[in-house]
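The values are calculated or read from the model by the stated rules, or taken from the named source; none is laboratory data. What you see is a predicted model; the values in this text were computed from it and never measured. When we count neighbours, we look across all protein chains shown, and the Cβ atoms used for this are built from the backbone with ideal geometry, even at glycine. The area values use the complete protein model at the heavy-atom level, side chains included, leaving out ligands, DNA and RNA. Shrake-Rupley method; radii C 1.70, N 1.55, O 1.52, S 1.80 Å.
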Amino acid sequence: MVRGEPGVGKTALLGYVVEQASGCLVARAAGVQSEMELAFAGVHQLCAPMLDHLDRLPAPQRDALRTALGISAGSAPDRFLVALAVLSLLSGAAERRPLICLVDDQQWLDLASTQVLAFVARRLQADSVGLLFAAREPSGDMVGLPELVLEGLREGDARALLDSVLTGPLDARVRDQIVTETRGNPLALVELGRGSTPAELAGGFELPAAAPLSGSIEESFRRRLDALPAETRSLLRLAAADPVGEPLLVWRAAAQLGIRAESATPAADAGLVEFGARVRFRHPLVRSVAYRSASLQERQDVHHALAEATDPDRDPDRRAWHRAQAAPGPAEDVAEELDRSAGRAQARGGLPAVAAFLERSAILTPDPVRRAQRLLAAARAKRDVGALDAALRLVDVVEAGPPDPRRTAEVEYLRGQVALMQQRGADAARLLLSAARRLGPIDADLARETYLEALGTAIFAGDLENPGGVVDAAKAARTAAPGPRPPRLVDVLLDAFAVRLTEGHIAAAPTLTRALELALAPSGVDDSRRLWLTGARAGAITALELWDAESAHVLATRLVQDARDSGAVGRLQFALNTLAWTHLVAGELTTAELMIDEDRVIAEATGNPVLGNARMTLAAWRGDEAPASELIEATLREATARGLGRTVDFAAYASAVLNNGLGRHHAARDAARQAFERDQLGYGPFIVPELAEAASRTGDAALVSAALEWLSERTRVTPTDWALGIEARLRALLSEGEDAERCYRESIARLGRTRVRVELARAHLLYGEWLRRERRRVDARQHLRTAHQMLATMGIEAFAERARRELLATGETVRKRRTETPGELTFQEAQVARFARDGLSNPEIGVRLFISPRTVKYHLRKVFIKLDITSRNQLDNVLPSDPATRRP
């Protein structure tokens with residue numbers, strides 16, 4: 001990233017790169033201020049010379065890029081499939097000759113192109129591609145790229161440059177003042193020298209005292225424009241209003257305005273613009289000055305001419321935009337054309353363009369009611385592109401329009417969604433709940449969906465008793481009108497959650513079971529896409545509330561696959577974290593880490609936060625005291641500050657796991673009690689085993705009994721092996737002699753029939769510890785050896801160490817397990833190696849890890865060298881085997 005103020009020489013340096021790039025392919029693009037709302041405009045500029053390589057891309061990437069660039073029609077492409085396609089396209093184009101990509105004026109690049117190129121920039125590793133940006137102030141997506149910051153020339157060089165463009169003598173004091181005020185900016189020095197007469201410079205009359213740099217440059221350009229003939233100025237205004245730089249279009253529009261071709265000569269002679277294969281201004285500020293110097297009527301005239309000159313079939317969207325800029329006032333026909341353009345932009349995935357078209361459409365709408373509807377649609381589009389403050393500003397305007405009950409409810413619903421995106425969980429829940437109540441008399445089905453969103457938001461906020469919290473939301477949901485027949489998954493989930501949170505598990509069990517059945521049905525995936533809660537978590541939460549580990553894993557696996565197939569990367573983050581939890585309880589920590597690391601990769605690619613609950617819990621299970629404690633504390637601080645009570649409880653659970661493993665049972669008990677008393681939905685299977693073990697080790701039999709009573713209520717209506725296995729363990733902790741032994745054996749038998757391998761290993765550990773205390777050392781060794789082997793293999797080090805110490809106490813010698821990293825692979829090398837071992841091709845690995853196939857090949861070569869192997873077939877022999885990671 002070459003960064004610096006206007007005129008400091010960024011474009012000149014890019015030109016120097018082109019001169020020096022002998023033997024390289026060169027591709028160029030430049031941000032254009034008036035194209036900032038047109039999605040993928042910058043990508044189109046950069047990739048246009050390489051589109052003959054499109055057919056070599058994987059089909060999903062190829063289709064996404066073709067749709068984004070308007071080459072073919074299709075549904076809205078996922079932004080990250082487009083990014084992967086551009087990465088693959090550049091990598092492929094550079095196979096024979098190195099490729100240099102230059103992007104000037106990045107600050108004016110459209111948002112979609114900025115995100116795509118920032119994504120590509122961070123993944124050019126082994127590819128023969130150089131990507132060079134120039135910007136005044138880079139956008140947030142570019143943060144972290146290596147930077148070259150350009151500053152003004154040193155004083156001596158600045159004087160020499162100024163002297164080179166002067167046409168007459170200059171007083172030394174005036175020269176010093178110019179050098180000081182321009183801060184050595186090359187373009188400012190050149191333009192001030194050329195734009196003022198020797199007399200003016202000699203006396204210093206035209207010096208822009210205390211003016212900002214860009215203002216001084218603009219004023220210089222303005223004076224030069226003012227010196228041109230009137231017809232030439234009109235031509236430059238016209239060219240400035242057309243960001244495409246298409247000469248035939250400009251000349252067609254010029255003919256409509258009566259502008260002659262020879263009017264271009266004075267502007268070209270002044271060095272302000274070139275009329276060649278493209279219309280190119282000397283500097284972006286020339287375009288800006290030419291456009292802004294026009295009156296409103298003059299701007300409307302040039303946009304009208306451009307609209308008339310634009311082919312409505314080849315470029316309907318830009319024609320609509322010119323028509324909108326030309327409209328002197330409300331015009332429904334233009335507004336409708338903008339609506340159609342918004343629809344086309346949506347199909348291409350250009351959400352910023354959608355927002356721009358819809359907002360302009362609303363401004364031009366004469367009917368107040370229709371105007372409010374279009375403003376609301378524009379606000380939704382602003383929300384989707386992450387322009388949350390802009391969305392709220394539009395919502396304020398909507399509320400000032402004609403009163404309408406449905407629109408009022410939709411406004412509140414939108415405010416709630418924005419609050420949720422801003423991490424204001426409690427506010428979001430209250431707003432969504434209010435919106436659901438308003439929608440009740442208007443649209444019963446939409447009201448039920450909104451109630452479920454409100455209830456889900458309240459659950460994740462963990463706001464139990466406060467107004468608008470979980471209990472309030474659940475009570476309100478129970479008053480909602482009945483859903484359609486047959487009921488949708490949304491309707492059954494709403495009923496199940498509302499009953500569970502108001503009447504308890506026993507009353508809700510039948511409806512929860514029905515909801516789980518619907519979620520497991522093939523149609524459940526399609527229904528669950530409609531809402532974030534149902535899409536990523538509700539089915540799995542229902543399975544956990546019913547202590548059904550297998551169903552939770554099936555649902556999470558299906559959600560991950562569905563998100564991958566559809567390219568819904570945002571939903572994939574939530575799905576991966578849900579799936580990671582099912583692998584954690586199964587003791588598949590290596591697989592869970594792959595899920596968690598993929599979440600991190602996606603977060604880096606999208607700029608969204610990492611969903612840290614699973615990572616924190618993984619560290620706790622591994623017994624990594626320092627990193628786990630740090631993650632727990634950081635999560636607690638952030639969740640408390642944002643009012644995310646459920647996340648606070650997950651941090652308490654992780655703390656309990658960590659401390660139970662380390663033998664600090666008092667700390668584990670206190671952490672677990674805090675979460676247990678809140679009785680969060682779907683939380684029991686995690687917290688009850690930690691609470692009971694810690695309470696037992698600290699002699700708090702009353703707390704163990706309370707946990708047993710809580711669990712026994714559930715096993716009467718939810719008699720799964722997971723629930724009954726943990727219940728038997730709790731009874732063993734409270735029993736003695738044969739009763740305790742019978743309960744320990746029952747716990748091991750029941751948990752052995754589930755995928756909850758972590759709890760099975762701990763059942764062996766607890767039984768072995770009990771046997772040793774009963775002085776039955778031989779019997780204790782059998783279960784302690786099993787526990788140690790299982791826990792050590794899983795990588796659950798703290799609990800494995802507990803088992804090792806207990807074995808030592810029985811008189812058995814056990815070596816402390818050492819963790820080895822094969823060949824000292826880096827994190828990404830290990831990821832590539834695992835995926836390659838599991839049968840994924842290089843392109844498939846690249847899609848998973850957001851890198852090019854060539855980079856995958858590069859990493860695999862390094863893996864082979866480090867592991868001293870020669871092919872993929874040998875990876876299975878040198879990497880730990882984990883069947884759960886294998887592709888079916």
- Item | All positions within the stretch 88-123 that are open to solvent by 40 Å² or more (accessible area, probe 1.4 Å) and out of contact with any strand residue (DSSP E or B) (no Cβ under 6 Å at 6 or more places or on another chain) | GLU95, ARG96, PRO98, LEU111, GLN115, ARG122
- Task: Could you check, for the stretch 150-172, whether at least one of its residues is under 30 Å from HIS303 (Cβ atoms), open to solvent by less than 20 Å² (accessible area, probe 1.4 Å), at pLDDT 60 or above and not polar (S, T, N, Q)?
- Result: no
- Item | Count of residues meeting criterion [touching a residue at least 60 places away in the same chain (Cβ under 8 Å) and open to solvent by 30 Å² or more (accessible area, probe 1.4 Å)] in the stretch 127-137 | 3
- Task: Might you check whether a residue that is of a type outside the set (Lys, Arg), on the phi > 0 side of the Ramachandran plot and modelled with pLDDT under 55 occurs anywhere in the stretch 200-217?
- Result: yes
- Query: Since GLU736 meets every condition but one in (1) within 28 Å of VAL499 (Cα to Cα); (2) modelled with pLDDT under 95, which condition does it not meet?
  - Reply: (1)
- Would you please list the contacts, defined by Cβ atoms under 8 Å and residues six or more apart or on different chains, that run from a residue in the stretch 398-427 that is over 16 Å from LEU439 (Cβ atoms) to a residue that is of a type in the set (Ser, Thr, Tyr) and surrounded by 16 or more Cβ atoms within 10 Å (Cβ to Cβ)? GLU399/THR408; LEU420/THR457; GLY425/THR457
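Residues checked against (1) assigned to a helix (DSSP H, G or I); (2) in contact with a helix residue (DSSP H, G or I) (Cβ under 7 Å, 6 or more places away or on another chain):
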{"position": "LEU446", "(1), (2)": "yes, yes"}
{"position": "ALA476", "(1), (2)": "yes, yes"}
{"position": "GLY483", "(1), (2)": "no, yes"}
{"position": "LEU501", "(1), (2)": "yes, yes"}
{"position": "ALA509", "(1), (2)": "yes, no"}
- Answer residue from the stretch 3-40, given it is without any contact (Cβ under 8 Å) to a residue 24 or more places away in the chain and part of a helix (DSSP H, G or I) and is surrounded by the fewest Cβ atoms within 10 Å (Cβ to Cβ) among those: GLU19
- Restricting attention to the stretch 323-360, and to residues there that are more than 17 Å from GLY42 (Cβ to Cβ) and of a type in the set (Lys, Arg), which single residue is modelled with the lowest pLDDT? ARG344
- Within the stretch 639-674, which residues are in a helix (DSSP H, G or I), farther than 17 Å from ILE459 by Cα and either of a type in the set (Lys, Arg) or touching a strand residue (DSSP E or B) at 6+ places or on another chain (Cβ under 8 Å) (or both)? ARG669, ARG673
- Which one of these does THR365 not meet: (1) assigned to a loop (DSSP other than H, G, I, E, B); (2) open to solvent by 20 Å² or more (accessible area, probe 1.4 Å)? (2)
- Query: How do the helices (runs of 4 or more DSSP H) wholly within the stretch 227-301 filter down when requiring 1 or more residues that are open to solvent by 20 Å² or more (accessible area, probe 1.4 Å) and closer than 27 Å to ALA135 by Cβ: which remain?
  - Reply: 230-241, 284-292
- Of all residues making up the stretch 745-765, the number that are over 39 Å from the mean Cα position of the chain (by Cα) and open to solvent by less than 10 Å² (accessible area, probe 1.4 Å): 3
- Of the conditions (1) among the small types (Gly, Ala, Ser); (2) in contact with a helix residue (DSSP H, G or I) (Cβ under 8 Å, 6 or more places away or on another chain); (3) in a helix (DSSP H, G or I); (4) at pLDDT 85 or above, the single one that ALA634 does not satisfy is (2)
- Message: Give me the residue from the stretch 394-412 that is part of a helix (DSSP H, G or I) and open to solvent by 40 Å² or more (accessible area, probe 1.4 Å) and, out of that set, nearest to ALA429 (Cα to Cα).
- Response: GLU410
- Message: Tally up the residues in the stretch 60-82 that are under 18 Å from ALA41 (Cβ atoms), assigned to a loop (DSSP other than H, G, I, E, B) and not hydroxyl-bearing (Ser, Thr, Tyr), please.
- Response: 5
- Run down ALA667, ALA702, ALA706, ALA654 and say which single residue is surrounded by 24 or more Cβ atoms within 10 Å (Cβ to Cβ) and either out of contact with any Cys (no Cβ under 6 Å at 6 or more places or on another chain) or not charged (D, E, K, R) (or both). ALA654
- Message: Restricting to the stretch 785-797, name every residue that is open to solvent by 10 Å² or more (accessible area, probe 1.4 Å) and either in a helix (DSSP H, G or I) or polar (S, T, N, Q) (or both).
- Response: ARG785, THR786, HIS788, GLN789, MET790, THR793, MET794, GLU797
- Message: Among the residues that make up the stretch 766-781, is at least one of them under 38 Å from the mean Cα position of the chain (by Cα), part of a helix (DSSP H, G or I), at pLDDT 95 or above and on the phi < 0 side of the Ramachandran plot?
- Response: no
- Task: Test HIS322 against the criterion of being closer than 30 Å to ASP367 by Cα and out of contact with any Ser or Thr (no Cβ under 7 Å at 6 or more places or on another chain), and give yes or no.
- Result: no
